[in-house]
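The values are calculated or read from the model by the stated rules, or taken from the named source; none is laboratory data. Being a predicted model, the structure only gives us computed values, none of them experimental. Heads up, the Cβs are rebuilt from the backbone with ideal geometry, glycines too, and the neighbour counts pull from every protein chain shown.
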Amino acid sequence: MEYETVIGLEVHSQLSTASKIFCGCPTTFGAAPNENTCPVCLGLPGALPVLNREVVERAIMLGLATGSSIAPRSRFARKNYFYPDLPKGYQISQYELPICEKGKLEIVVDGTPKTIGITRIHMEEDAGKLIHGENLGQPDSSYVDLNRACVPLLEIVSEPDLRSSEEAKLYLQKLKTILEYLGVSDCNMEEGSLRCDANVSLRPVGQKEFGTRAEIKNMNSFRYLQKAIEYEVERQKAILDDGGKVIQETRLFNPDKGITASMRGKEEAHDYRYFPDPDLVPLEVDEAWVERVRATLPELPDAKRDRFVAHYGLSVYDATVLSASRDVADYFETVAGAVKNPKGAANWVMGDVLRIVNDRKIAVADCPVTPAMLAEMIGLIEDNTISGKIAKTVMEEMEANGGSPKDIVAKKGLVQITDTSAIEKAVDEIVAANPGQVEQYKGGNEKLLGWFVGQVMRATKGKANPAMLNDILKERLDRA
């Protein structure tokens, strides 16, 4: 039987506020265990939560950026369950009255736009973290670190509109980009600032009713998300093909084995015994507050992409690559504003700059070739001081040792030859020394032109102006 895959994602994004959602403890990652705690986030009796206004504003920002409706009145609820890293025995979240609902996000699948609905965005506190002793040489022990308890989260719940692991990856990537553009989260997946649960089910092609879903918990990489979904689809397909029934459950992905494994039976909302938190009054957000937040929104990825196409004459593909990261987009715009040819700047950023960043696994802001350095080097190409080939040498030197492109060119004697007589002399010597290749060229083997160009470039140590060289070489060969 042919099946259709149905996927919905629940994404948890840790907010990069200075303090936690219901207390004044810092949210810094990497502190000593239980250092960033107080009676509120430790869940001590009598401690009362106080809502962080910055968390609310960041939730509104994401709601506006995804076209969601902002609730004039929302409410916090207690989600009750037991786990060792949850000291209160409940998590403060939002249930029937979330702050944002009915949003959407557009992805591009094989060149075709597709809109993915967002059911809700709500605020909640994070739980603590268990550190198992097997990682510390104590296999029979576990330790609780509550630094993460009460760190603010936004949970973004999609509609079940995704139909493949690729679509799920594209959705998560797009959401991550929006969060980074807004500056509401650092989205560091390795540190758990952005993690994802995937609800996966299958149904026969043509059937309207959804199949039984399995939830895969806490994935913190795009690759793991795809692999977990792909495995789960095959697992469920095998069960259905054998006449069995998929069990509704929560599963964990084992990246070492590439499989999902059962964790527990899947809870329903009633299992958590939600009820309004009596320590927190309902949250009221008036239109004036929403408009104040709206006025702070930056240019978002889709709008930036469209502007890059219209203003800089870039292709949609190039504009999409350059706008996929706010830092990359800012780097490109700084360079493009200082040179004559923005397309040339785009090529250098997408090529050499992103190569350096990816090879070194660093942020664009930490790239040893700064926007000012790249713009200066492109300027040297535009005024014919150096060729594109020489620029590669300059780029390598800037990457390795830094320095001004002009100083590098002067120090290494890399100024390209634009003296016609000097290029003519080099061409004449190469043509005279290779009569056999000249005859082959004149006999119709035009590919040899490239060979002659290479010989002259070698003779001039790559300094001959390429355009002048080609013109002179063609003229000399045609009359040889």
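Below are the figures for this structure:
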| read-out | value |
| --- | --- |
| Lone qualifier among THR112, THR119 - being surrounded by fewer than 20 Cβ atoms within 10 Å (Cβ to Cβ), among the polar types (S, T, N, Q) and at pLDDT below 95 | THR112 |
| Scan of region 255-270 for residues that are in contact (Cβ under 8 Å) with a residue 12 or more places away in the chain and either assigned to a helix (DSSP H, G or I) or not assigned by TED's automatic domain parsing to the domain that holds GLY67 (or both), ordered by number | ALA269 |
| Hey, ALA375 at pLDDT 80 or above, assigned to a helix (DSSP H, G or I) and aliphatic (A, V, I, L, M) or not | yes |
| Selection from region 44-80 of residues that are over 27 Å from GLU299 (Cβ atoms) and out of contact with any strand residue (DSSP E or B) (no Cβ under 9 Å at 6 or more places or on another chain) | LEU44, PRO45, GLY46, ALA47, LEU48, VAL50 |
| Within region 184-204, tally of residues that are part of a loop (DSSP other than H, G, I, E, B) and either modelled with pLDDT of 95 or more or not assigned by TED's automatic domain parsing to the domain that holds ARG58 (or both) | 2 |
| Check on GLY379, under 19 Å from ALA346 (Cβ atoms), in contact (Cβ under 8 Å) with a residue 60 or more places away in the chain and under 31 Å from the mean Cα position of the chain (by Cα) | no |
| In region 331-345, the residues that are in contact (Cβ under 8 Å) with a residue 12 or more places away in the chain and assigned to a helix (DSSP H, G or I) | TYR331, PHE332, THR334, VAL335, ALA336, PRO342, LYS343, GLY344, ALA345 |
| Residue match in region 346-364 (condition: touching a residue at least 12 places away in the same chain (Cβ under 8 Å), assigned to a helix (DSSP H, G or I) and surrounded by fewer than 13 Cβ atoms within 10 Å (Cβ to Cβ)) | no |
| Flag if ALA426 is surrounded by fewer than 13 Cβ atoms within 10 Å (Cβ to Cβ) and either among the basic types (Lys, Arg) or not in a loop (DSSP other than H, G, I, E, B) (or both) | no |
| Some residue of region 297-315 being among the polar types (S, T, N, Q), assigned by TED's automatic domain parsing to the domain that holds ASP366 and in contact (Cβ under 8 Å) with a residue 40 or more places away in the chain | no |
| Residue within region 275-284 that is in a helix (DSSP H, G or I) and without any contact (Cβ under 8 Å) to a residue 12 or more places away in the chain present | no |
| Qualifying positions in region 81-101 - touching a Lys or Arg at 6+ places or on another chain (Cβ under 8 Å) and either part of a strand (DSSP E or B) or of a type in the set (Gly, Ala, Ser) (or both) | TYR90, GLN91, ILE92, SER93, GLN94, CYS100, GLU101 |
| Residues of region 220-254 satisfying the condition of being part of a loop (DSSP other than H, G, I, E, B) and touching a Gly at 6+ places or on another chain (Cβ under 7 Å) | ASN220, VAL246 |
| Top-ranked residue of region 391-423 - restricted to ones that are among the hydroxyl-bearing types (Ser, Thr, Tyr) and at pLDDT below 90, ranked as surrounded by the most Cβ atoms within 10 Å (Cβ to Cβ) | THR418 |
| Filter pass, ARG120 being outside any loop (DSSP other than H, G, I, E, B) and in contact with a strand residue (DSSP E or B) (Cβ under 8 Å, 6 or more places away or on another chain) | yes |
| Pair list, Cβ under 8 Å, 6 or more apart: region 142-160 residue closer than 14 Å to ASN34 by Cα, other residue at pLDDT 95 or above and assigned to a strand (DSSP E or B) | ALA149/GLU125; CYS150/GLU125; VAL151/GLN14; VAL151/GLU125 |
| Test: residue in region 440-454 that is over 29 Å from MET373 (Cα atoms), touching a helix residue (DSSP H, G or I) at 6+ places or on another chain (Cβ under 6 Å), touching a residue at least 24 places away in the same chain (Cβ under 8 Å) and surrounded by 13 or more Cβ atoms within 10 Å (Cβ to Cβ) | yes |
| Test for LYS217: is it of a type in the set (Lys, Arg), assigned by TED's automatic domain parsing to the domain that holds GLY265, farther than 16 Å from SER164 by Cβ and in a strand (DSSP E or B) | yes |
| Residues located in region 305-331, provided they are among the basic types (Lys, Arg) and surrounded by fewer than 19 Cβ atoms within 10 Å (Cβ to Cβ) | ARG307 |
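Residue-by-condition table, conditions (1) touching a helix residue (DSSP H, G or I) at 6+ places or on another chain (Cβ under 7 Å); (2) buried (at least 21 other Cβ atoms within 10 Å of the Cβ):
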{"residue": "SER13", "(1), (2)": "yes, yes"}
{"residue": "SER16", "(1), (2)": "no, no"}
{"residue": "PHE22", "(1), (2)": "no, yes"}
{"residue": "CYS38", "(1), (2)": "no, no"}
{"residue": "PRO45", "(1), (2)": "no, no"}
